[in-house]
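The values are calculated or read from the model by the stated rules, or taken from the named source; none is laboratory data. The structure presented is a predicted model; accordingly, all values stated were derived computationally and were not measured. Neighbour counts are summed over all protein chains in view; Cβ atoms, including those assigned to glycine, are modelled from backbone coordinates with ideal geometry. Each accessible area value is taken on the protein alone, full model and side chains, heavy atoms only, with ligands, DNA and RNA left out. Shrake-Rupley method; radii C 1.70, N 1.55, O 1.52, S 1.80 Å.
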Amino acid sequence: MVQRRVQPARNAAPAAPEVEKRNYMTSWTPEELERLFTGIIRYGPSWPKVAKEVGTRSEDATAGQGRTFVKKVKTDGWEVAAAELLSKSKATAKEKKKKRRLAQQKLQLKKTKTTRKLRATGINLEAPKEPAGKRTRRPWTKKEHARFLFAFNLWPRQWVPIAKHVGTRNRNQTQDHGYAYLEKLKREGKAIPAAAVSDQP
């Protein structure tokens with residue numbers, strides 16, 4: 001007997017991603033409880049359907065919480081049971097938030113104490129700074145040099161107005177560039193080319 005291989009459909013829709021289920025022992029959030037109430041109203045004690053409505057709990061966890069809630073409804077009524085359950089859930093969430101905040105404060109205090117101890121021993125925790133005499137050099141572009149030449153022809157050796165005209169360099173950078181430019185002309189035995197700066201760039 002010849003066995004045929006069953007090929008999957010080409011246009012089959014991709015499987016929906018599974019929702020991560022919360023731990024059975026973790027407390028229910030107010031949002032999960034509201035979805036539980038909605039599921040019970042829609043499907044009654046059909047816990048698999050209610051679990052799908054909740055989305056973040058397994059069928060067992062949904063059934064356990066749902067049965068407890070239904071028993072409470074039978075004795076106290078829907079509004080009282082729902083209000084009590086939501087109140088406990090909100091109080092638990094608030095308490096957890098408070099504990100997380102206290103834990104963060106303790107961790108920050110511990111880091112501060114450790115930092116003080118290290119500084120007391122003379123360990124430098126700051127990022128190493130660049131020496132004052134050392135400057136980060138960025139090559140001048142052709143446009144910057146053209147603006148420099150135009151301004152230098154108008155205001156020879158007046159570095160403040162020249163730097164303002166260049167626009168992208170400060171006074172010290174402009175002055176260094178000017179001295180380097182004059183030294184280059186001196187080495188090559190050339191004068192300042194006035195024709196090259198006759199028109200503003």
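So the values come out like this:
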quantity	calculated
Spin-label model distance (nm) - D76 vs T26, 7 Å beyond Cα toward Cβ	2.5 nm
Of K88/K113; K90/K110; K74/K99; K74/K98; K88/K111, those spanning more than 32 Å from alpha-carbon to alpha-carbon	K88/K113; K74/K99; K74/K98; K88/K111
Around T174: net Lys/Arg minus Asp/Glu count, Cβ-Cβ under 11 Å	+3
Gain upon complete extension [R157, K98; 0.36 nm per residue less C-alpha separation]	14.7 nm
Spin-label pair K113/T168, simplified geometry with 7 Å Cα→Cβ offset, distance in nm	5.3 nm
Whole-Hz ³J(HN,Hα) from phi, Karplus 6.51 cos²θ - 1.76 cosθ + 1.60, for region 140-150, glycine and proline x	6, 7, 5, 5, 5, 5, 5, 5, 4, 4, 4
Rounded FRET efficiency, nearest 0.05, which uses the C-beta distance separating A91 from T68 and R0 of 30 Å	0.95
Largest-first ordering by accessible area, 1.4 Å probe, given options I40, I162	I40, I162
